[in-house]
1. Between Glu68 and Thr191, what length in nm is gained on full extension when 0.36 nm per residue of separation is reduced by their alpha carbon distance?
2. 7 Å from Cα along Cα→Cβ at both Val382 and Ser5: what's the point-to-point distance in nm?
3. Considering all projection directions equally, how large on average is the shadow of the alpha-carbon convex hull of region 182-307, in square nanometres?
4. Normalising by the residue count of region 258-383, find the relative contact order in percent from Cα pairs under 8 Å and 6+ residues apart.
5. Using mean Cβ contacts within 10 Å as the protection proxy, how do 298-308, 65-75 order, highest first?
6. Treating cross-link reach as a plain straight distance, find the lysines whose alpha-carbon is under 23 Å from the alpha-carbon of Lys37, omitting any fewer than eight places away in the same chain.
7. First check a/c for region 1-40, with a ≥ b ≥ c the square roots of the eigenvalues of its C-alpha gyration tensor; if it is under 1.5, answer rounded, and if not, answer prolate when a/b is larger than b/c or oblate otherwise.
8. Which ³J(HN,Hα) values, rounded to whole Hz and listed in residue order, are derived for region 259-271 from phi using the Karplus coefficients 6.51, -1.76 and 1.60 in 6.51 cos²θ - 1.76 cosθ + 1.60 with θ = phi - 60°, glycine and proline given as x?
Amino acid sequence: MSDLSRCDVAVVGAGPAGATAAYLLARHGYNVRLIDKRHFPRPKLCAGLLTWKTMELISAIFGPCTDELTKKRIITHACRDYRIFRGPKEIARGCLDFPFHFVDRPAYDHHWLQMAQAMGAQTLTGRAVTAVDADSGAIDLADGSRLQAGLIIGADGAWSKVRQALPQAQKVELQYRRNLAATIETHCAHTPGRSGAPYASLHFGFIPWGYAWSFPGAEKQTLGVAALVSRGASSLSDAFREFLRTAHIGPEALDTWKGYALPYGNYLSQPGYKHVMLIGDACGLADPLLGEGIYYAHRSGELAAQAVIMAGQRPDMALKIYRQALNRHVLSELRWINVFRTLLFIGGKRRRYRGLKLFFRLFPKRLEACVHGQRSFSRLLVP
Ligand SMILES: Cc1cc2nc3c(=O)[nH]c(=O)nc-3n(C[C@H](O)[C@H](O)[C@H](O)COP(=O)(O)OP(=O)(O)OC[C@H]3O[C@@H](n4cnc5c(N)ncnc54)[C@H](O)[C@@H]3O)c2cc1C
């Protein structure tokens, strides 16, 4: 086996989670392989909304970057105005103190991959991982080659091969899929007669345990819907049609619809096994209310890298350190969001979302701060 087939850490998946972990570990002198089955820039279905906490985090990890991302047109748009609807009826509107930023996901992910590469991570793109041995650290690639890693970080998204290679995979998959959402997303290009709403809007009441969205953009409007598969996402396309009808958007104005899985409350409390750690979507780390996952991808990538660095000569300690940090910094908040989500969605589609209306009437700024991550959902009711 040549030296090229050995590394300290193999990161499988080069989305925001994997690129962050690889960047930080390479910066610390680790011999890192960042492997992805796609060549970059690769397509990624995502509305590309970044909250305040994401903007803060990426600047903390990679250095101040808002200007660069804007100059490179990776950040394509920013918007402060938002509205909340129940069916056709507007129930709240507001203006954010800090704007939502929207990114072009293929370009965004490519940027972080290049950052990891520039820091010294060896990237293997267009190379799918086909099998992982969680006990020995051996990784098989589709081209027949094999890599031997001291530690493996699984950042390979919702259908993670790494997660499926862990012991008790069947049980874990059941737990993971119980809280998986299905999504549909498409775009509506601006035309001289139609430029779309200039605000971001969330639409409840079209589907149980989910919502639809409409986000503005410089050249196009992004429209989508997400809902828990186990609670009725089978009617997702009907719900999306109804939403589009209500928004007076005809099918002729739209790009082809696409769908993908979205973690929606399926965060794993045991994020790995022995020398394997799971991060990002592979670990179910998206917010169970709005499905925000980019922040949690970067954050878990950061926590996993820090755990490896802290474990030092004791790589067997990395998972324990990572699990504790994940619990403290990520899962505790996701659990609170889950409580809020249950209060919001329980009762199904017929629910009238009066609570949401009331929350927005009583303390809109607190809710905005919770969504942006400037305040924890645990303090929603605390003045
Ligand atoms: C419709 C939709 C809209 C969304 N909108 C938003 C939003 O507006 N804001 C937000 O914060 N989040 C949003 N999300 C969630 C967000 O996209 C994810 O949470 C985020 O991409 C997770 O990042 P990741 O790095 O964990 O995984 P990914 O970005 O999915 O990256 C995983 C990588 O692993 C690679 N891979 C997979 N299998 C293998 C294999 N076998 N071998 C090698 N490589 C492999 C893939 O090619 C991919 O590059 C949305 C999701 C969906 C579906």
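Any read-out appearing in this document is the output of simple, stated calculations on the displayed coordinates, not a laboratory observation. Everything numeric in this text was worked out from a predicted model, so none of it was measured. Every residue, glycine among them, receives a Cβ derived from its backbone with ideal geometry; neighbour counts consider all protein chains shown.
1. Fully extending the segment from Glu68 to Thr191 adds 41.4 nm.
2. 5.4 nm
3. Average projection, Cα convex hull of region 182-307: 9.1 nm².
4. 20 percent
5. So the peptides 298-308, 65-75, ranked by packing, come out 298-308, 65-75.
6. Lys161, Lys258
7. The shape class here is oblate.
8. For region 259-271, the Karplus-derived couplings read x, 7, 7, 9, x, 8, x, 10, 4, 8, 7, 10, x Hz, x marking Gly and Pro.
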